[in-house]
Each structure stands twice: as C-alpha cells, then as structure tokens.
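See structure below.
The values are calculated or read from the model by the stated rules, or taken from the named source; none is laboratory data. Note that the structure is predicted; figures quoted are calculated from it, not measured. Reconstructed Cβ throughout: ideal geometry from the backbone, glycine too, with neighbour counts over all protein chains shown. Side chains are part of the model used for accessible areas, which takes the heavy atoms of the whole protein and leaves out ligands, DNA and RNA. Shrake-Rupley method; radii C 1.70, N 1.55, O 1.52, S 1.80 Å.
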Amino acid sequence: MTRPPTVAQRRVIDAADPVTGRLKGTEAQLAALVKRGLAFRHPRPPHDHFLTPSGHRIREAPEPTAAPEPPAAPADSGVFTARIGGEESAVDGPSRTREVHSAWQGLLELRRMTHRDGAVDRPCGWERTHLVQAAALALEAAGHRPAAAEGPGYRVRATPQPEAVAVREPDAEALRACAATLEKAGWQVGEHTEPRTGARYVLASPRRA
C-alpha cells in the first residue's frame, strides 16, 4: 500500500471495534478497504468485515496532520476497557460481567482469524501491541479481582522489558492463581522478587508458539 486511506476510509477504520476490529460502513467503503488489504470479509454469515493486521496498524498510527489528542474518554462512554487495577472508581454488576465476557470472546475470535492455523491458545498481534490491556482482560475474564485505588487485588503494569508486563497481587495464593490464568491464556509467566521490598510479582510475556 502506497497511498494513505482517504478521510472517509480512515473514519471507518478509526471506528472499528478496538478488540475484534469489526468494521461498520457502506458496502463500497468496506469493499475499498478489502481491496487495499486493510480489511477482510469473514467467510461465514453474517459476513462481517474486520481489520487485517495492516488495518490495525493504520488505526493505531497517528494521522500525519492530526490535531492534538483529545482527553481520554470517560468510563461511561461505551468504550470497553479492561481493568488493570488501581482505578479510582469502577462499576460492577451483571452488565460489567457481560461486557468482559463479550470482550474476551471477541479477543478469542480475533486470535482465530489472525493466526494462520486458526489457533486461539496463544496471543495475537493486537495483544502484543496492547500488553497491559490484554493481560488485564485475561485476568478479569477469568474472574480475578482487580485492585481498587487502595487494597487487595491484581495490578497489571508495563515494564522496561519488551513484550512483558508485571502482575502484582499482595496475596501469594491469588498471585499464583493469576499466573496460572495467564499461562492458560497463552502467556509465558514466571514469579520474581522485588530486590528492595522482597514483594513477589509475576512477569508475563505473550507466547509465540
């Protein structure tokens, strides 16, 4: 691809589901994105369109003439965000449980569609570029409790190491359970000790094969 997408095409790409890459647009817009290798049409009904890895890269790249980035969307804006732990306020209940389940199922579908062998047992490209969110979604979907602003629960944070996140949980048994969940979700995990505090934490990286 040599030409950047048109303004209309970029608008469709930017509006894609942040997890699954599912697209909405006119038939002409979607066909044009398919032709340019930025989207593909699912072979099974209802034949929805999804971003390809190239389309995801376009979506995540800033526009050359983009205006300053707007403030982050509020929690009730309708955009799903996995809880990484430490949030000031969070709403729980059946609706949140449904959102998390739907997001996890969408991520498994994204794995199936983007892996050549259709595997769902290891992370996909989106997860490798959204490490903290991906690990947090795996934990929350498995029923682990994210930490509030204060108190127990898991906290997922970025690390200086490439393709690695740190998961901290003050309860040793709960930390081991988090490690087991991530391993089952296709992550390589190992327990480590903070040299200064002696606190245990898990270092997790997406498994490639």
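So the values come out like this:
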{"read-out": "Where trypsin sites (Lys or Arg not before Pro) fall in DSSP loop in the stretch 109-160, at most 12 other Cβ within 10 Å", "value": "ARG116"}
{"read-out": "Probe 1.4 Å, accessible area per residue of the stretch 1-62, Å²", "value": "61 Å²"}
{"read-out": "Stretch gain in nm, segment THR193-ASP48, where the contour uses 0.36 nm per residue and the Cα spacing is subtracted", "value": "47.6 nm"}
{"read-out": "Qualifying GluC sites (Glu not before Pro) for the stretch 110-179 [loop in DSSP, other Cβ within 10 Å: at most 11]", "value": "GLU150"}
{"read-out": "Two-site FRET efficiency, ALA28 against ARG57, from Cβ-Cβ distance with R₀ of 25 Å, rounded to 0.05", "value": "0.60"}
{"read-out": "Cα-projected label distance for ASP171 with ASP121, points at 7 Å along beta-carbon direction, nm", "value": "3.0 nm"}
{"read-out": "Around SER205: net Lys/Arg minus Asp/Glu count, Cβ-Cβ under 13 Å", "value": "+1"}
{"read-out": "Highest-MSF residue in the chain out of GLY37, GLY153, GLY55 [GNM, Cα springs under 10 Å]", "value": "GLY37"}
{"read-out": "Rounded to 5, the percent of DSSP beta bridges in the stretch 126-209 classed as antiparallel", "value": "95 percent"}
{"read-out": "Accessible surface of the stretch 157-196, 1.4 Å probe, proportion on carbon and sulfur as whole %", "value": "50 percent"}
{"read-out": "Neighbourhood charge, 15 Å Cβ-Cβ cut-off, centred on ALA177 and excluding it, Lys, Arg +1 and Asp, Glu -1", "value": "0"}
